[in-house]
Structures are given as C-alpha cells and as structure tokens.
Amino acid sequence: MIRTLDHTADVGFELEAPSLEELFEEARRGLLLVMFERPPDRGGERETVRLSAPDLEMLLVRWINELAYLVQARGLVPTGSEPEIREDGGSFVLEAHLAGTELDPEVQGWQGEVKSATFHGLEVKRENGTWSARVILDV
Amino acid sequence: MNFERLSEYKYRIPREGKMRVDAAFYASKTILEDLEAENYASLKQLTNVATLPGVVAPALTMPDIHWGYGFPIGGVAAFDPEAGGVVSPGGVGFDINCGVRLLTSDISREELESHKSPLADALFKGIPSGVGRGRRDLNFSRKDFEEILREGPAVLVDRGYGESADLDNIESRGRLPGADPEATSQRAYERGVSQLGSLGSGNHFLEVQYVDEIYDEEAAGAYGLERGRVTVLIHSGSRGFGHQVCQDYVERFLQAAPKYSIELADRQLAAAPIESPEGKAYLGAMSAAANFAFANRQLITHFIRQAFEESGFSGRYLRVLYDLAHNNAKFEEHAGKRVLVHRKGATRAFGPGNPELPERYRFVGQPVLVPGDMGRYSFVLAGTEGAMSETFGSSAHGAGRKMSRKKAKKAAKGRNLIREMESLGILVRAAGRATVDEEMSEAYKDAAEVVETTHSAGIGRKVARLRPMIVVKG
C-alpha cells in the first residue's frame, strides 16, 4: 500500500506491506509514481544491486537513492525488484535482482527529478505483523 | 509555539528546552497566518536548528519561510568554529549552491515580442533539462571537470563560454576557495559530468522577462535596469553532482554524530564540528559542488546567448547583472567574528560599502534576486545595513510554495495551464505538462508579500519588478 503525503515543498509517501522485502518493493513503486505519470511495469534488462546499512532507515534511503540513480544517471527504469534483506554482523544487507527498461521520458510521462530521499521524519517499523515506512523525497 | 513580537515584522522565539540560543523570524500578518495554518511546523524546524552546537544567536528565518526537511526553507544560521560550531550538509541542502543569475539587455519588450516564439523554441532546444539526451557538443574530460570543480566558471570563460566581465558579477567571483574534488565520490563525478550545463526539473526554470516597475532609481541605475528592457533569469543548481555530495555526507555525518556527542532533533540535521576531519572534508566537497553550480549557470548563460543570436538578436549583448547562491555555507565575518553562515533557501544580501561587492554596485548594496512564480513577477532588491546587523547579511530568496505538488495537480485538472499562460502573454516551453501543473502560479505564495515584508523589515530594499514573457521548464 502506498499513500502519498502532502508535504508543501517536497513529496513523500507512507508504505505498508506484510514483509520487509515487500515494503522495499513498494518503495520502488512509490518512487516510480513520483517520477512518471505512466510508470512502466515490464522490462527485460537485468541489474543486481547490493547495499548495506547500519539500520533499516538508512537502508531504505540508500535503496531509493540507488533506484533514482539508475533512472537518472544510467537511464534504466527498474520495473520490478526481488529484494532479499538479511542482518549480517550488526548491519542490514539488501540484495536485489532488478528487472528494468530503458528510460523514455515521453512515453513514460517524465514528471521530474528526485534529488534524494531524506532522513526527515523517516521511519521504518513493524507493528502487529505489518511493516510500514514513511519517507520524504527532495524533488 | 511561544514567540513574542519585537517590531511590526520581527518576532523572537525565546530559548527553551534544548535550544542553545534564541531564534527569530520575519513575518507579515499574512505570513504569520500561513505559519499558524501549518501548526508552526517550520518554526519548530527553526528551533531544532537552534539546538545545534556552536550556533551563534539568533537562528533565523527570512520572510519566505516554509517547511523543509531538517532546516526550514528560508533558514539562516551561523556557527562559530572556535566554540565547537558545526557544519550540517542537510543545512545546506541537496542542491548545493542552487541559485539564480540575472542577465540584462538593451532589447526592448516590443522588439522581443516580434521574435518571441522562435526564441522560446531556441531556448528550449538549446538548454538541456538534464534527463535523457543532452547537448552532444559538450564533452568534459575528468581533468577538465576537476579543474572546473576547483576554479569554477573562470575555466569555462577561458575556453570561450562567456566573457571575463561575467565573472565580476558572480557572488565570490564564482569560486569558493578550498574546493576539493578528492573529497567527492566517483558517483558524484558520474552524475555531474553528464549534467554540467543543464537546467534540471522541479522549480528550476529559465525566464525571459521585462522590467515593468522601478522602485529605486539610483540602485536600478547602478544595476543597469531600465523600464521596458528585457532581462533573463536562470534558476538552477549543482545538479546530480551536488545531490550526491549531500547524500554521501549526510550518511557519513550520521555515522560520525555519536563520536562528537551531537544530539540530533532531526536526523536530516546531521552535523559535525567545522574543525573535524568530517567537517573539513564536507566543506571541500561542498565548495566543489558550489563551483560546479556557478559553472553550470555560466554554461546556461552561454547557451542563452547562442539562442538569442539565432533568434534575431545577433550582436545584442546579454550582461550578467548578478549570480547568487540560495543554498550554501560560507565563512564570513560578522560583528568582528569569523563564522560559518548556513543559508538554506536564503540569499546573501551584503549592504552598501562591502568590499566583497563589485565596484559599480558597492555604493547601493548587493543585488538580491527574488524569483516569484511563473505567472506573476520576480523582484530585484538591494542588500542593506539592516541585513548586515540583524541577519548575518541575508535576505529572502523566493516566494515559497503554499500548495503541495499533489494539491497543485488536483487544482490543474481539466485546465490547460500552458494555454492560460499564453492568454496572459507568457509563452511556456516545458518537457512535460506535469511540471507546469505542479509549478502553477497559484501553487506559490505571492512573492510581493515576501518582498514587502523584507523591505519593510529593513533586510532588503525594493529596486525593480520583472514580468515574465517566456518560461522554460525542464
């Protein structure tokens, strides 16, 4: 579940999912909804991403920033991810096998750049078996 | 929120809780109502800034205050390096040295009208937005790129992208000292090298305007502004390069914060002592990004001059009136002390007589450029003594949003804003309709309210008003 937040200067969203992996996949979808009017949902290109962070909040920021980098610097729009997240010696490690398609601003309805995910009001938590997150992007 | 009125437009938030110093803000009755409507969320952010180590009283916001992340937009805070003062990458922002540059010309509004459409097309074609295909004629080697990071636009002028006179009218002559490309990441390089000379999206723009009102003849004369003459305003920053520098250092500072026992009211305020290895590295990287942004606006200026040449204005000179930063941290001397002034969505606004200013502007004060929204107007102000004594030489930087992007899109539904603007005599060229909808006039506060408050509070002096004729959005 993705709910967009009404932040005056920037954009944000709240996410909910039954598992941490699905929460991160929702973050990918949320990012694409910010960037594109018509986000692509199928792609044949493959890319492996491996990230680590000392906590889940920083991992989520790095994940969103990594995806935004792929779109904006490499022209690859990630249309699906299969993230795996595990704890490893006090840090969290994410490995994802992305499917993607080439950036086509006109066809996909480019809405504008995302400068970065921010740590302002950032939260990743699990309550009653549901994972949720809140993140604000600087656009 | 506990605050008291100091004068008609100035308020004080007394130090309480973890605040180390008082905070102060500038507001008219309307601006105060806006702050109340958002439950003082931006003022809360201001009080968070006042908790940072080494902050010099007071922590401030300008009249265009609005809710940001970490620092409020419109925030100004100075830190004393000798008192454990900190630097905060989040307090500068992701778009390091996002700023504006104003060009003036001897072209009349009437002359421009007859070439408006081809000029709008040439500008849109000539200045890449930065995503997708850019200009094929730009190619910087790593060595060139690093030289630009160290030296700023002077390197470009040496290669024919502009004139040496352009450099005289850039804040700090377009070069922050101590820029250190080694302190920036490979990813920053990768993102930056392909985006040098591009406008960006969101609230970045390029506008062809005309001067429709002069409020201060003396200052307007010094700045070369004449009623009915065409001006060009560029709003852009350090692009992916600066965004990456900020990302890298916010994370690095968050990890270093416990080492320096810095308690953070908001993680986006991550900070490290100015004199620490982390602080010094960030300042080197930030200065490189600031020089990138000055160079970016220099390249865009070159492309604008080309577009004018191609569109019937051959041989007509576009002079750089001034180029200034909105997001920066700079060492300056205030009240006899060297401090690091963070400006997050605020303009340096030095008053008359300051030796940092170009000679021809020195007797009237620094030009302060305040862009409004794309349908109404922008303003030129002059720096004042009041700003020097009250706000660490700072002033407002823009109108500030009043509608979220989501609300703006909703308000734009079923309307054709590009056609609406055309009926007002403003030609819009944009990469997509979404940006135009989000950036619609009604989404912004009236810049005139901000400017009147700034002027009446004595932290800026109204000089001229500019009206848009062509708007280019990335």
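The values are calculated or read from the model by the stated rules, or taken from the named source; none is laboratory data. Keep in mind it's a predicted model, so treat the numbers as computed, not measured. Here the Cβ is made from the backbone with ideal geometry for all residues, glycine too, and neighbour counts use every protein chain on show. Remember, those area values only see protein heavy atoms, side chains included, never the ligands or the DNA or RNA. Shrake-Rupley method; radii C 1.70, N 1.55, O 1.52, S 1.80 Å.
Within the range B:24-81, how many residues turn out to be of a type in the set (A, V, I, L, M, F, W, C), within 14 Å of chain A (Cβ to nearest Cβ), open to solvent by 10 Å² or more (accessible area, probe 1.4 Å) and in contact with a helix residue (DSSP H, G or I) (Cβ under 8 Å, 6 or more places away or on another chain)?
Residues that pass the stated criteria total 2.
Can you report the number of residues in the range A:86-98 which are under 14 Å from the mean Cα position of the chain (by Cα) and either among the hydrophobic types (A, V, I, L, M, F, W, C) or open to solvent by less than 40 Å² (accessible area, probe 1.4 Å) (or both)?
3
Just name the residue that is farthest from the chain's Cα centre (by Cα) out of those in the range A:65-74 that are surrounded by fewer than 22 Cβ atoms within 10 Å (Cβ to Cβ) and more than 8 Å from chain B (Cβ to nearest Cβ).
A:Arg74
Between A:Val61, A:Val49, which is outside any helix (DSSP H, G or I) and open to solvent by less than 10 Å² (accessible area, probe 1.4 Å)?
Checking each option against the conditions leaves just A:Val49.
Got at least one residue in the range B:5-23 being buried (at least 22 other Cβ atoms within 10 Å of the Cβ), at pLDDT 95 or above and at positive phi?
No.
Just checking, which of B:Leu199, B:Leu156 is within 14 Å of chain A (Cβ to nearest Cβ), within 22 Å of the chain's Cα centre (by Cα) and open to solvent by less than 30 Å² (accessible area, probe 1.4 Å)?
The unique qualifying residue is B:Leu199.
Which condition breaks for B:Ser88 when tested against (1) among the polar types (S, T, N, Q); (2) more than 14 Å from chain A (Cβ to nearest Cβ); (3) touching a residue at least 24 places away in the same chain (Cβ under 8 Å)?
Answer for B:Ser88: the failing condition is (2).
Return only the number of the condition from (1) closer than 30 Å to B:Lys407 by Cα; (2) assigned to a loop (DSSP other than H, G, I, E, B) that A:Glu82 does not satisfy.
A:Glu82 satisfies all of (1) closer than 30 Å to B:Lys407 by Cα; (2) assigned to a loop (DSSP other than H, G, I, E, B) except (1).
Of all residues being within 12 Å of another protein chain (Cβ to nearest Cβ) and part of a strand (DSSP E or B) in the range A:99-117, which is most open to solvent (accessible area, probe 1.4 Å)? Just the residue, please.
Among those residues, the one meeting the criterion is A:Glu102.
Please determine, by comparing only the residues of the range B:202-227 that are surrounded by fewer than 24 Cβ atoms within 10 Å (Cβ to Cβ) and either β-branched (Val, Ile, Thr) or in contact with a Phe, Trp or Tyr (Cβ under 6 Å, 6 or more places away or on another chain) (or both), which one is farthest from the other protein chains (Cβ to nearest Cβ).
This residue is B:Ala222.
Does the range B:241-268 hold any residues that are in a helix (DSSP H, G or I) and facing chain A (nearest Cβ under 9 Å), and which are they?
Those that are in a helix (DSSP H, G or I) and facing chain A (nearest Cβ under 9 Å): B:Gly242, B:His243, B:Gln244, B:Cys246, B:Gln247, B:Val250, B:Glu251, B:Leu254, B:Gln255, B:Arg267, B:Gln268.
Which residue out of B:Arg191, B:Arg187 is crowded, with 20+ Cβ neighbours inside 10 Å, more than 27 Å from B:Tyr317 (Cβ to Cβ) and charged (D, E, K, R)?
Working: B:Arg187 fails: crowded, with 20+ Cβ neighbours inside 10 Å.
One residue alone meets the criteria, B:Arg191.
Report yes if some residue within the range A:118-137 is within 24 Å of A:Glu45 (Cβ to Cβ) and in a loop (DSSP other than H, G, I, E, B); otherwise report no.
no
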